[in-house]
Amino acid sequence: MLNFGRARTQQRQTRPTSFGGLDYADPKRKSNFAGKFILAAALTALCIFLLKQSPTFSSPSPFSQHEEGVTHVLVTGGAGYIGSHAALRLLKNSYRVTIVDNLSRGNIGAVKVLQELFPEPGRLQFIYADLGDAKAVNKFFSENAFDAVMHFAAVAYVGESTLDPLKYYHNITSNTLVVLESMARHGVDTLIYSSTCATYGEPEKMPITEETPQAPINPYGKAKKMAEDIILDFSKNSDMAVMILRYFNVISSDPEGRLGEAPRPELREHGRISGACFDAARGIIAGLKVKGTDYSTADGTCVRDYIDVNDLVDAHVKALERAQPKKVGIYNVGTGKGRSVKEFVEACKKATSANIKVIYEPRRPGDYAEVYSDPTKIRLELNWTAKYTNLQESLEIAWRWQKSHRGGYASIM
Ligand SMILES: NC(=O)c1ccc[n+]([C@@H]2O[C@H](COP(=O)([O-])OP(=O)(O)OC[C@H]3O[C@@H](n4cnc5c(N)ncnc54)[C@H](O)[C@@H]3O)[C@@H](O)[C@H]2O)c1
């Protein structure tokens, strides 16, 4: 009753004059309404404020839109050794770059170096994703406007591939299919694919040309060949511009010392000769094991074609510039000159000024005696030739980075 009476009194006292539809409004309800209105307005204002703080509010992300005169390249595996060097070169040449990597083998430190060098908006972004996750891949393709893909991401150790072949078929072959499907779905029509001389196996005739039959002898080479075949079959009925680059043995690093090769310590046993030489020079391992001294080569050790990573990324940029719709280019990327393991070790000793102990062991199964490229095709068609062909100089550059980054990228984080 009391409440009722008070309400009635208040009602009488505050009865409004006719004011539109509120002629008979209950003042308590009116003040509730006003409060809610103010609250809603405040919340809306807050939301707008927060959205405005977000870089995507006022203008859409530059990565999500095609821009005339700007080529946006997706670099898969861009936190890895070759991918990070390629990203650096692309950024230097004014490309827009998105790196995607699951950091299973790469280094976020390499991405940080690149971000510090190119901090301006719209130059470089990093996406943490696994290419085996088709949903995630489709999502970042739908949110970004890529013009081209350089597909480096892979597991890449011959020895490991023989121990865990499924990992290789999954990570290399199946993931390439995922990338290709997303490219097709989202109209990205240029692909530069990282392949390898391991797809040739052990050819009888040297040097290896692009016409040399592919007969890989380990799961790594087979997985890469299958990925190539998928790309080639797809390209027969598509407008896609495709460049397949078959690299030989990659060495060295950025001459300005910003990037280097820093594989995970647990991968050392599967590692490459340059890493093993540097580890021996630093005393991390007791000595350098040279496997096989009775091959039919000049000094009995295996012969390989060592290509400097700076030349390699140069070949990628040239391939990207010359890629043409509906066309496939397949190129060997090597120096055309074979160097024996003994020669390599001597160059490494000089580059590091270390008296590396060499331990000679029997042959390793699956190693072939001699592999080197004929780089004529890439010279004639892409106007590319290896420039960094002094083995010792290439190793000196790599050693400088190794010496100043004893803990790999961890030492600069
Ligand atoms: N290094 C060589 O001598 C050599 C020779 C021939 C071909 N290649 C090819 O070059 C490419 C790059 O090799 P690298 O030496 O820089 O290797 P790397 O291990 O340094 O780099 C590979 C990168 O790919 C990333 N990655 C791997 N699987 C991924 C996945 N599922 N999703 C997202 N990211 C993934 C890794 O984290 C790493 O950052 C590979 O395709 C390799 O097969 C290398």
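The values are calculated or read from the model by the stated rules, or taken from the named source; none is laboratory data. On a predicted model such as this, the values are computed, not experimentally measured, just so you know. We place every Cβ from the backbone using ideal geometry, glycine too, and count neighbours over all the protein chains shown.
State whether one or more residues within region 54-72 are at pLDDT 95 or above and within 16 Å of the ligand (Cβ to nearest atom). No: zero hits. In region 79-121, what count of residues is obtained for those that are more than 14 Å from the ligand (Cβ to nearest atom) and within 11 Å of Asp254 (Cβ to Cβ)? Adding up the residues that qualify gives 2. Please work out if Leu245 is assigned to a strand (DSSP E or B) and either within 14 Å of the ligand (Cβ to nearest atom) or of a type in the set (Ser, Thr, Tyr) (or both). For Leu245, the condition - assigned to a strand (DSSP E or B) and either within 14 Å of the ligand (Cβ to nearest atom) or of a type in the set (Ser, Thr, Tyr) (or both) - is met.
Is at least one residue of region 319-326 over 18 Å from Met150 (Cβ atoms), out of contact with any strand residue (DSSP E or B) (no Cβ under 7 Å at 6 or more places or on another chain) and either of a type in the set (Asp, Glu) or at pLDDT below 95 (or both)? No, because not a single residue in region 319-326 is over 18 Å from Met150 (Cβ atoms), out of contact with any strand residue (DSSP E or B) (no Cβ under 7 Å at 6 or more places or on another chain) and either of a type in the set (Asp, Glu) or at pLDDT below 95 (or both).
Could you check how many residues of region 253-267 are within 13 Å of the ligand (Cβ to nearest atom) and either more than 18 Å from the chain's Cα centre (by Cα) or among the basic types (Lys, Arg) (or both)? Looking only at that region, the number is 3. Restricting attention to region 275-300, the residues being part of a helix (DSSP H, G or I) and surrounded by 16 or more Cβ atoms within 10 Å (Cβ to Cβ) number 7. Of the residues making up region 168-205, just one is among the basic types (Lys, Arg) and within 27 Å of Ala369 (Cα to Cα), namely Lys205. Hey, does region 233-252 have a residue that's within 18 Å of the chain's Cα centre (by Cα) and over 19 Å from Ala154 (Cβ atoms)? For region 233-252, residues within 18 Å of the chain's Cα centre (by Cα) and over 19 Å from Ala154 (Cβ atoms): present.
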